[in-house]
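Bear in mind these aren't lab numbers, they're just calculated from the coordinates by the rules spelled out. The model shown is predicted, which means the values in this text are computed figures rather than measured ones. Glycine gets a Cβ as well: all are built from the backbone with ideal geometry, and neighbour counts include every protein chain shown.
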Amino acid sequence: MATNTFGRRGVVAPPPRGSFQPASPQPVAVPIAPRPLSPEATLFRDNKLLADIPFLTIGLIFVLLLIYALQRSLAIDVAKDGSLDVRSLIAQGASGYDLVVGRNEWWRIGLAPLLHGSQWHLIGNCVALFIVGVRLESLIGRGWFSLIFVASAVAGEAGSLLGNGPAVAVGVGASGAITGLIAALFVASFEPEADAGQTISRLKTSLFFGIPALLPLAFGASGNVNYYAHAGGAVAGAALAITPWLAFWSYESLPRSAGMTLLAGLAASLVCAGFAVMHYSSYMADAAHYIRASEAPTNAEEMASRSLDLVTRYPKDPRAHLFRAIAYLEKASFNAAETEARTAISLAASDVAGGPVRSGAQGLMAVLLLAQGRTSEAKAMAAEPCRAKMAEVRRILQKQKLCG
């Protein structure tokens, strides 16, 4: 049967009509610009030699040396062993419980870590700072390094005030800050990306300095080393070294520039220095009433033989009266010794550096009372020095069975 093609015979069918709807545009890849590097990062990025030089550590050491040179030039007197006079340290900004808490001179917390008591104190701290800084600064960056230094310095002062109390007259030194860096290096030894050689090297350095800085605390440390400042600094340093791990950061991602931290630290130090300048003249005038460092007796025999001269020249110094009490005690002049010991206790109570002298005079007084058969009075007098952190005084009182 024929097909009806009505007018379409022999015509080729047109192709399907194209769609006029445009195709979906393909996303165009936009290059992401890298984070701009700071001038410091640009300088050290491709120069490993420069990157490994602890410029911040060297700078801190240089600043500490300059400050000590200024301290030495302003000191009233220098002892035979090279130690600066304690009254000079007080005027310059040393910290102590009676000064900071008793007199509300909190600005001392910002100055004391930058001061040192002698050249040997300074040299020891600078050597430790350099050795630790060589290993730690390039690892965590100058930004975190400076933050740990500043935070550990403040934490060290807090540890000193809480741990020592009035028993320690004054304290100075960057050891709290340095111990914080040592603790940070110890924590960084366990960095997952470190190889075995790096881990062992960091552990050796941190333990070499950390053990003598902290271990004596476990055995009732005493003496002139401020172990409580070491402990406070170590806690802060270790905490800041662990913080990046808790936030899942690597040390490489930490800010490498120390500009902001150093600027804040400098501003705070200048403010604290301003307060020190305001109080300087009054503390220096007060220092004239106390025995100079170069004149201080170095043994019991010298204390007794020079006591009359010292108490005549420095009647307001509680140490002079304590020396005089010792001289009377050697002569078995108990009444005169008791009078001098009570005078020493009274004067020490109003002296910002008198805490140790007060404890020593109370200990001597307790022994005097015991020698006169006044046992109950002796035990009452011994109560405070038995609690004080003065090992020599406590040992004498324990031998006399006046403690506990």
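Things to note:
- Karplus-derived 3J(HN,Hα) values for region 75-83, using 6.51 cos²θ - 1.76 cosθ + 1.60 with θ = phi - 60°, are 5, 5, 7, 10, 6, 4, 8, x, 6 Hz; glycine and proline are entered as x.
- Out-of-range pairs (alpha-carbon distance over 29 Å; input Lys204/Lys389; Lys80/Lys401; Lys316/Lys389): Lys204/Lys389; Lys80/Lys401
- Relative packing of peptides 168-175, 70-77 - highest average C-beta neighbours within 10 Å first: 168-175, 70-77
- Note on Arg292 and Ser376: the extension gain reaches 26.5 nm, defined as 0.36 nm multiplied by sequence separation minus the Cα-Cα distance.
- Couplings 3J(HN,Hα) for region 121-126, derived from phi with the Karplus relation 6.51 cos²θ - 1.76 cosθ + 1.60 (θ = phi - 60°), are 4, 5, 4, x, 5, 5 Hz, where x marks Gly and Pro.
- Dipole magnitude of region 297-399 about its Cα centre (Cβ charges: Lys, Arg +1; Asp, Glu -1), debye to nearest 20: 280
- Taken along its principal axes, the alpha carbon cloud of region 297-399 reaches lengths of 35, 31, 22 Å, longest axis first.
- The modelled label-to-label distance between Val277 and Arg342, using points 7 Å beyond Cα along the C-beta direction, is 4.7 nm.
- 3J(HN,Hα) couplings calculated from phi for region 288-298 with the Karplus curve 6.51 cos²θ - 1.76 cosθ + 1.60 (θ = phi - 60°) are, in sequence order, 5, 8, 10, 4, 5, 4, 6, 9, 5, x, 10 Hz; Gly and Pro show x.
- Only Lys, Arg, Asp and Glu carry charge here, each on its Cβ (+1 for the first two, -1 for the last two); on that basis region 50-287 has a dipole of about 120 debye about its Cα centre.
- Selected from Gly354, Ala320, Ala336, residue furthest toward positive end of dipole (region 297-399; charges at beta carbon): Gly354
- In terms of packing, defined here as the mean over residues of other Cβ atoms within 10 angstrom, the peptides 381-394, 319-332 line up highest first as 319-332, 381-394.
- Given charges at beta-carbon only (K, R positive; D, E negative), |dipole| of region 59-199 in Debye: 320
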